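Following: one structure in structure tokens, then a few remarks.
The values are calculated or read from the model by the stated rules, or taken from the named source; none is laboratory data. Everything quoted here is computed from the prediction, not taken from an experiment. A quick note on method: Cβ atoms are made from the backbone with ideal geometry, for glycine too, and the neighbour counts reach across all protein chains shown. Heads up: the accessible areas ignore ligands, DNA and RNA and are worked out on the full protein's heavy atoms, side chains in. Shrake-Rupley method; radii C 1.70, N 1.55, O 1.52, S 1.80 Å.
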Amino acid sequence: MPSDSNDFTSSRRTINRRGLFALGGGVAAATTLSMVSRAPSAWAGPSADADVIVIGAGLAGMVATTELVAAGRRVLLLDQEPEQSLGGQAHWSLGGLFFIDSVEQRLAGIKDSFDLARADWFRTAGWDRGPDDIHGEDYWGKRWAESYLQFAAGEKQSWLRGLGMNWVPVVGWAERGQADGGIGNSVPRFHITMGTGPGVVEPFEKLVRVAAGKSITFKFRHQVDELVVTNGAISGVRGTVLEPSGAARGTPSSRTKVGEFEFRAAQVIVTSGGIGANHELVRRNWPARLGKAPAHMITGVPAHVDGRMLAIGESAGARLVNRDRMWHYTEGLKNYAPIWPGHGIRVLGAPSSMWFDAEGRPLPAPGIPSVDTLGTLDLIMKTGYDYSWFVLNKKIISKEFTLSGSEQNPELTGKDLVAYLANRALTDVPAPVKAFMDKGEDFVIADTVPELAAGMNKLVGKDLIQADALRDEIGRRDSELGNPNSTDPRIVAIRRSRDYIGDNLVRTTEPHPILAPDAGPLIAIRMNILTRKTLGGLQTDLSGRVLNAQGEPVHGLYAAGEVAGFGGGGVHGYRSLEGTFLGGCLFSGRQTGRGAAKDGA
């Protein structure tokens, strides 16, 4: 069954018009889209409240808004959250960005190119839903990917550097695959922004605040409930005014209604994010290929990431595609100091930790830290449990653990690189990691394997881990370290990581037995499934125009960021190479802002 038959909502209204794509071909399609998009709106002209309404004041929304303002447009920027949450999810991120042949890569001797990155991306994406059929779910996502890769290999870094961004000089190697020509990044491409997520948000927040009250009108606590359609075109929005809220950034805000609103504009851009905090929608759209959805998940995004605008867009005639493509992490820790409900933190580990299932069986490849997120999720779901275990020691955790999120990396968030490097080099265990070791409920620390196994069983309330079997599996891994020709995928991954100077210096400890007495104590960590990203969404063309079920633009409607699958309804296909979510918001926000400005000229 096609993925767009699995509704985000039971309410759906499809605009039934004959498609205009009988001519076929990219040129004909682009010409048709351009003609259709310029159909007059019922609210064009002086009676409108703004030239463009942008729904969602996260990163994609702010980038689109800055492009519109630069083109002389008046923008009404709406968000259901209070002003203190300006910037949305991006604020909480590690600030990782995907670049191709960057300055930092060249300094590290990393040989990258557009062709290499394109081959990695296309092989990893695995588009299989009509990627070369203009009516296919993957058609526009594939074309957005091509355009994004050109951007990442071209002006992306210089554009952002011109806005004041800089990056940690050591390039990270996320989603590295298994060096077999399969999925993943064949070279490191993950660049952490100085300032982390807030550092990415900062230049665009400054720009929109400077224009506030001039070209931009902010309307916080305005929750959009409907896209208004007049004469077949989007003519504005209706919704609920929510009571004022002093809720701190990231914490849930009230949904108490104090009024209603309706605003009119010739163009509306939806930049409202995905479904990561809405576990009901996650489960409803969970991919059948991964079996039954987890009974228990923790949440990697604030509660306002609820997916409401996907259904609202669909009710106005938009086509939703690739609903069952999501990006959830397999290394989630329950936050001992949660900011939002079910708050989880992702561990970015290097390959030295062993990965076991709930019953103490080692995961086969690709169940190795930093190798293949979706492949590991598939392995875990096949076990029948919704959690797994890392087993390691203090020496490994001291060097190999980074916690994702701006609040978990205070030195980098404060743009203090010297303090960050000193903390990594001079501190026994980095302070944020040590806090989880001391306070996190998912940690078991012990001096011996029997004590470790007993603690693991006590944590889950079942005797699933057998100490002797656990010791034997760790011993097998440790013995392979002495074999210079080992083909054990875990050992191969460690050596491959150590061969990269960046990982050798700051990410991967020298190979040693986990059971080495001087490397302890032993540590086991329960790893939970952590919800995060929506990879499908509203299907858009390369100007950000939202398309309907016939492949025609929904007049006046645009989308960018996660709600649009970061471009086209699925720029990543099935898998991300990482550093591409913030980058997807930046690029799709920019392209869509420019596209709407051009169409409205």
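Here are a few things to note about the model shown:
- Isotropically averaged projected area of the range 330-530, using the convex hull of Cα atoms (one quarter of hull area), nm²: 11.2 nm²
- Pair ASP133, LYS111: separation of 7 Å Cα→Cβ label points (nm): 4.0 nm
- With Cα atoms defining each centre, the range 545-601 and the range 87-121 are spaced 20 Å apart in the structure.
- In this calculation the C-beta distance from THR427 to THR230 is compared with R0 = 51 Å, giving a FRET efficiency of 0.25.
- Separation of the GLN550 and LYS394 label points, Cα + 7 Å toward Cβ, nm: 7.0 nm
- List ASP416, ASP357, ordered by accessible area with a 1.4 Å probe, largest first: ASP416, ASP357
- Inter-part distance where the range 334-391 and the range 139-188 are each reduced to a Cα centre, Å: 25 Å
- When only the Cβ of Lys, Arg, Asp and Glu is charged (+1, +1, -1, -1), the dipole of the range 330-530 relative to its Cα centre reaches about 260 debye.
- Theoretical FRET efficiency, 1/(1+(r/R0)^6), r = Cβ-Cβ of TYR336 and GLU155, R0 30 Å, to 0.05: 0.10
- Per-residue packing, averaged as other Cβ atoms within 10 Å, sorts the ranges 543-554, 326-337 into the order 543-554, 326-337, beginning with the highest.
- With a 1.4 Å probe rolled over the protein heavy atoms of all chains, the accessible area of LYS292, LYS394 falls in the order LYS292, LYS394, largest first.
- Mean residue ellipticity (222 nm) of the chain, computed from DSSP H runs ≥ 4 via -39,500 (n - 2.57), nearest 500: -9500 deg cm²/dmol
- FRET efficiency for the pair GLU243 and ARG209, taken as 1/(1 + (r/R0)^6) with r the Cβ-Cβ distance and R0 = 25 Å, rounds to 0.60.
- DSSP-defined antiparallel bridges as percent of all bridges, the chain, nearest 5: 70 percent
- Computed with a 1.4 Å probe on the full set of protein chains, the accessible area for ILE465 sits at about 10 Å².
- Amide N proximity, the range 543-570 versus GLU146 label position 7 Å along Cα-to-Cβ, cut-off under 17 Å: 543-544, 567-570
- Among (i) 89, 64, 40; (ii) 103, 61, 58; (iii) 76, 51, 46, the entry that matches Cα extents along the principal axes in Å as calculated here: (iii)
- Placing +1 on the Cβ of every Lys and Arg and -1 on the Cβ of every Asp and Glu, with nothing else charged, gives the chain a dipole about its Cα centre of roughly 1100 debye.
- Subtracting the Cα-Cα distance of ALA601 and ALA70 from 0.36 nm times their residue separation leaves 189.9 nm of extension gain.
- Too-long pairs where the Cα-Cα distance tops 23 Å, listed order kept, from LYS219/LYS415; LYS334/LYS394; LYS156/LYS206; LYS156/LYS415; LYS111/LYS394; LYS382/LYS434: LYS219/LYS415; LYS111/LYS394; LYS382/LYS434
- With all protein chains in place and ligands, DNA and RNA left out, the 1.4 Å accessible area ranks MET437, MET165 as MET437, MET165, largest first.
- Residue among SER352, PHE98, LEU290 farthest towards the positive dipole end of the chain, charges placed on Cβ: PHE98
- Label-reachable residues, the range 430-451, where backbone N falls under 18 Å from a point 7 Å from ARG471's Cα toward its Cβ: 445-451
- For the range 438-522, a simple Cβ point-charge model (Lys and Arg +1, Asp and Glu -1, everything else neutral) yields a dipole of about 280 debye relative to the Cα centre.
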